[in-house]
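This report refers to the structure that appears directly beneath it.
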Amino acid sequence: APVAAAAPVDAAPAGSAKVHIQFTADCWTQVTDGNGKVLFSAIKRKGDSLELTGKPPFAVRLGFARGAQVSYNGQAVDVAPFTSGETARLKLGQ
């Protein structure tokens, strides 16, 4: 099947932002946008990635924080300060 070309990183519409998560282990993930709309809620597998565009701030919950590498608008985000046990809860773009 043909694969769509990736949009350039700066292609987020005005007033929106981009969250990218790369998974190095299985990780339950939930991302909610600034309107409180759940953009994603499911388990992602090792090797998967997730890219979402929406209205910030984003609330991100990770079930296995060490298994996810988060970036916001192309900038890496350190989830360690937001991690308790295995899980992390963080706000991006507030």
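The values are calculated or read from the model by the stated rules, or taken from the named source; none is laboratory data. Keep in mind the model is a prediction, meaning the values are calculated, not measured. Quick reminder, even Gly has a Cβ in these numbers, built from the backbone with ideal geometry, and neighbours come from all protein chains shown. We work out accessible area using only protein heavy atoms, side chains counted, and drop any ligands, DNA or RNA first. Shrake-Rupley method; radii C 1.70, N 1.55, O 1.52, S 1.80 Å.
Descriptive notes on the structure:
- Label reach from Glu86 (point 7 Å along Cα→C-beta): in the stretch 11-37, amide nitrogens under 13 Å belong to 25-29.
- Of the residues Thr83, Thr32, the one with the largest accessible area comes first in the ranking Thr83, Thr32, computed with a 1.4 Å probe on protein heavy atoms.
- Dipole check for the chain: with +1 at the C-beta of Lys and Arg, -1 at the C-beta of Asp and Glu, and the Cα centre as origin, the magnitude is about 180 Debye.
- Per residue accessible area of the stretch 4-94, 1.4 Å probe, in Å²: 58 Å²
- Sulfur and carbon atoms: percent of accessible area, the chain [1.4 Å]: 53 percent
- Matching the structure-derived Cα extents along the principal axes in Å against the labelled list [x] 41, 35, 28; [y] 49, 42, 23; [z] 35, 35, 23 gives the label [z].
- Segment Trp28-Asn73, length gained on full extension (0.36 nm per residue, minus Cα span): 14.0 nm
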